Structures are given as structure tokens and as C-alpha cells.
1. Using 0.36 nm times the number of residues separating residue 40 and residue 77, minus their current alpha carbon distance, what extension gain do you get?
2. What's the center-to-center distance, using Cα atoms, between the range 64-80 and the range 127-147 in Å?
3. Suppose R0 equals 25 Å; then what is the FRET efficiency for residue 146 and residue 103 from their Cβ-Cβ distance, rounded to the nearest 0.05?
């Protein structure tokens, strides 16, 4: 494998533009893997929420199921957005003169998304333990929903930054403040 990679690297050095093409493909692959991993983490959080929903239904607490069901639907929506986001990304990765500062800012959004997912995982864990009292459950589900909304907003910001890349901006100018 190393011999083949060395051969390909040598070939890439000899073909004008090939290295940039490979780098763009790697960025696409890394972005896709990163989004799939985040989406899988989001999907795994549906299970404990579904368990809460089932427990509420089984114990006749149907009036409390609405907020939990809403949280599950929001979680499903953001999971699918993250997993299947293809719009805008190709244009971003096709840019030839992307600046390191701009990539760093995109990576900051990625880090923020991961941190928001970690917070959501913690919130879901806490709400699982708060199903006894209706007021505790309501407060916990409200925090879960707020955490999901924060992920959605951050993903919107990342998407908008990528889509706005290069539109009337001088090379090297940061995409966001």
C-alpha cells in the first residue's frame, strides 16, 4: 500500500493541478465522515427518548408525551440534515484558493457542533433520570429541545458560511467574525 501511495504521490507531483484535486477530494471525504459520525451520535440519542415516550405511554401519562415526541422529531430532522447535507458543500470544496484561516473557521463550526452534541448527550442522560415527576420531565425535555435547537442553529451557520464562501470576498478574508 505504501509503495502504491508513494507511486501515486510521485505521479501527483508530476501532473499539474492533481495535488489540489486530491486535497479537495480528501476534504470532501473528511467532511462526509465527520457528518456521518455526528449523525450517528444524534441517531443514538433517539433510543433513550423513545424509551421515555414508551414509559409515559405505558403508565398512562399521555399528556406528557407531547414535548418528548416533539424533541424526537426535532432530533430526527437535525440528524437527517447533518447526514444528508450535500447542498453547498461541493461549491465550497471546489474552490481553488481557499485560505487556511477560512478552513480554520469552518473547523471551529465543526468543533462547536461536536460540543453541542456532547451537551445534548448529557441532557438526554439527565432527562432519562427525571421521568418521575411531571415538572422535572418538562424542564429536562425543554433543555433537550434547547440543545437540539442549538445544534440546528450552528449547522445553519456552518452551511451559510460555506455557501457564502467566495461571494464578493477578497481571498484570505475571513468568512465570519
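Rule-based calculations on the coordinates, nothing more; no lab input. The shown structure was predicted, so the numbers you read here are calculated from the model rather than taken from an experiment. Cβ coordinates were reconstructed from backbone atoms using ideal geometry, including for glycine residues, and neighbour counts include every protein chain displayed.
1. 12.0 nm
2. 13 Å
3. On the way: r = 30 Å, r/R0 = 1.19.
E between residue 146 and residue 103, to the nearest 0.05, is 0.25.
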